[in-house]
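Let me begin by presenting the structure, written as C-alpha cells, before commenting on it.
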Amino acid sequence: MNTFDVQRLRWHFDFARTGRVVTNNAASTQPPRELVELYRSLIPWYENVHRGQSAASRYTTELFELAYDTIAGWLNAPGRGSIVTCRNTTEAINTVMYSLLTEFRDGDNVVTTALEHNSNFVPWYAMCREILPRFGRHVEYRVARFDPVTGQLDLEHLASLVDARTKLVACTGASNFLGTRPDLAAVRRITLASGYRQPDGDHRSLLLVDGAQLVPTAAIDVRALGVDYLAFSFHKLMAPFGVGVLYGREELLNTTRPFLYGGDMVAEQGVTAEHVRYNRLPWKYAAGTPNILGVIVSAQALRLLVDLVAPEPAGYFGTGRPLGRATIERAMDRVAAHTRALTGRALDAVREIDGLKVFGPESAADRAPLISFGLSGWSPMRLAEELDRRGVESRAGCHCATLAHRALGLDPPASCRLSFAVYNTAGDVDRATGALREIAARRLSPAAG
Ligand code: PLP
C-alpha cells in the first residue's frame, strides 16, 4: 500500500497547528518536532568533532560519523568516503567546480541545460568566463534546450553539444520551475559516449546531477544511476536549514583538489612548512569545524521520514540501524505517490481556471510535485500576495530558474509556484486552488499587476 495517514503525520509538525497552508515546499520544507528536540538533546554532550579527547567529543564524533554512513546508505553510495557535507546544494556544486578547476584543459567545455537552477549554471558561467580566462585557459559552457511545450530536456540537442572536449555534463534531476525530470540514464549514455580523455585514463564525460528537487521525492541509487556527482540540500528534506550534501565517486574525490583548505582536511602529522598531506576521505573535504549538529540531525531526518510514512512502527529514528534498500524504496514510493496525487489534484483544478496557464508537463506523473503558472492580467508577485492574503503560501519569481523562464519568453521572467510535500493534504490543495479560482474570478484590479 502506497498510502499513509497524513493527518497523523501532520501531528509531528508545529506549523500544522497554525492553519498555514504551506505550499512553498520546493523552496524549503518544514522541520518535524522530533528533529528540533533531537537538536536540543545533543546539547549536554555538545563538543567539537575530531578535536578533543573528552568522552563528549568522542560521543559527538561517533554520531557525526554515523550520520555520514546513514547518508551514504540512503544514496546506496559505497560508504562514507563518497559523502561531502556542506551548507547546501549551491555549495556542493561549487565544490565540484573548484575541485575540478585545475583539471580543465584549454579548449574543453562544460555542458549544462536551460532547465537548471542558477546554482547549476552560474558556477559554470563564472568558471568559463571569469576564472579560467585569467589563467590563460579557455573553456566554453554550452546550454542544452528543452521543449517549451512539454518542458522535457531536448536530449538530441544535449547529445549534439557533448563532444570529445566535454569534461563535464551538469544536469538537473528535476526542474524546480517546470517539474520535469530529465531521463538521467539517457544523459548518462551521452556522457559515456563522448570520448573525453579524463586524467585517470577514462574516455567519457563526468556527470553531475543537481538532486535538490529529486532527492526529496525519489529513492536515489547513485550507483545504479552511474552519476559521478550528486548534490542536494537537507532543508528540502524536512531537516532544519544549513546542511547540503555532495556525493562524489570516491576515486574522483581522492584524486581531485579539495575545495576548502585548512584544519581537519589534512592528514595527522601531515603538515610541514614544505609539504602538506591531505586527510583520507571524506575528511579531505571537511575543512574547518563543520555543522556538526546539523549533519547529525539531517541524517536522522531520513530515518524519521521512513518512520513517519511506514504503515506500522519502524523505529529507525534515533538509531544507527542500517536502512535497507527495500525500506528506503518503499518509503520514497509512498512519499512520491502521495505528493504525485496532490500535484494531479492541483493540476486538474487549475486547468479549469480561465486565463491560468500551467508551464511544463501535462501529467503529474512526469513532474516533481510542483506546478508553476501565470494568470493573465496578473504579475506573479501580486498573485502570490493575493494568495498569501487568503492564507496560501506560494512563491513568485524566477525561482532562480532564470534561463528556463527566459526560454519561455516570459517577461518579466517570473511565474507563481505551488509545491507539495509529504505533510500536505488534499484540503491544502483545495484551499490553494480555490483561492486561485476566486482571485481569477474577481479579477482584482488586474492592470495594477
Ligand atoms: N537546484 C535546484 C533544482 C533547486 O530547486 C534549488 C533550490 O531551490 C537549488 C539548486 C539550490 O539549493 P540551495 O539554495 O539549498 O543551495
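Quick notes
- Ordered by the count of other Cβ atoms within 10 Å of each Cβ, fewest first, Phe373, Phe146, Phe241, Phe234 give Phe241, Phe373, Phe146, Phe234.
- Length, then width, then depth: along the principal axes, the Cα atoms of segment 330-449 run 48, 31, 21 Å.
- Extreme residue, positive dipole direction of the chain, given options Ala441, Pro44, Thr29 (C-beta unit charges): Ala441
- Each Lys and Arg contributes +1 and each Asp and Glu -1, all at the Cβ; summed about the Cα centre of segment 253-314, the dipole is approximately 220 debye.
- Only the Cβ atoms of Lys and Arg (+1) and of Asp and Glu (-1) were treated as charged; on that basis the dipole of segment 182-317 about its Cα centre amounts to roughly 240 debye.
- With coordinates expressed along the principal axes, the C-alpha atoms belonging to segment 164-301 extend over 49, 40, 22 Å, beginning with the largest.
- Taking Ile83, Ile43 and counting other C-beta atoms within 10 Å, the order from fewest to most: Ile43, Ile83
- Residues whose amide H falls under 5 Å from that of Leu260, counting only those 5 or more places apart or on a different chain, are Ala287, with hydrogens built in the peptide plane.
- Kirkwood hydrodynamic radius of segment 37-298, Cα pairs, Å: 19.1 Å
- Likely footprinting exposure, Arg129, Arg165, fewest C-beta neighbours within 10 Å first: Arg129, Arg165
- Net charge over other residues, Cβ less than 10 angstrom from the Cβ of Thr23 (K, R count +1; D, E count -1): +2
- Across q = 0.08, 0.10, 0.12 Å⁻¹, the chain modelled as identical point scatterers on its alpha-carbon atoms has Debye log10 I(q)/I(0) values of -0.47, -0.74, -1.05, in the order of the q list.
- Over all other residues within a Cβ to Cβ distance under 13 Å of Ser372, the charged ones net out to +4, with Lys and Arg as +1 and Asp and Glu as -1.
- Part-to-part distance (alpha-carbon centres) for segment 369-421 and segment 55-126, which is given in Å: 29 Å
- For Gly244, residues with placed amide H under 5 Å, excluding near neighbours: Cys86, Arg87, Asn88, Phe234
- Whole-Hz couplings from phi, Karplus 6.51/-1.76/1.60, listed for segment 321-334; x for Gly and Pro: 4, x, 9, x, 4, 4, 5, 5, 5, 4, 4, 6, 4, 5
- Unit charges at the beta carbon, dipole of segment 37-298: most positive-side option, Ala212, Thr256, Ile190: Thr256
- Gain upon complete extension [Glu274, Asp5; 0.36 nm per residue less C-alpha separation]: 90.7 nm
- When shorter helices are ignored and each DSSP H run of at least 4 residues is given -39500 (n - 2.57), the per-residue value for the chain at 222 nm works out to -10500 deg cm²/dmol.
- Proportion of all alpha-carbon pairs of segment 178-233 beyond 17 Å (%): 40 percent
- Vicinal HN-Hα couplings computed from phi for segment 432-439 (Karplus, 6.51 cos²θ - 1.76 cosθ + 1.60; Hz; Gly/Pro x): 5, 6, x, 4, 4, 4, 5, 4
- By the Stokes-Einstein formula, at 1.567 mPa s and 4 °C, segment 23-77 with its Kirkwood radius over alpha-carbon pairs has D equal to 98 µm²/s.
- Each residue of segment 309-315 was assigned a 3J(HN,Hα) from its phi angle through the Karplus curve 6.51 cos²θ - 1.76 cosθ + 1.60 (θ = phi - 60°); the sequence is 9, 6, x, 9, x, 9, x Hz, with glycine and proline shown as x.
Quick note: the coordinates plus some simple rules give every number you see, no bench work behind them. This one's a predicted model, so the numbers in the text were calculated from it and none came from an experiment. Neighbour counts run over all protein chains shown; Cβ positions are idealised from the backbone, glycine included.
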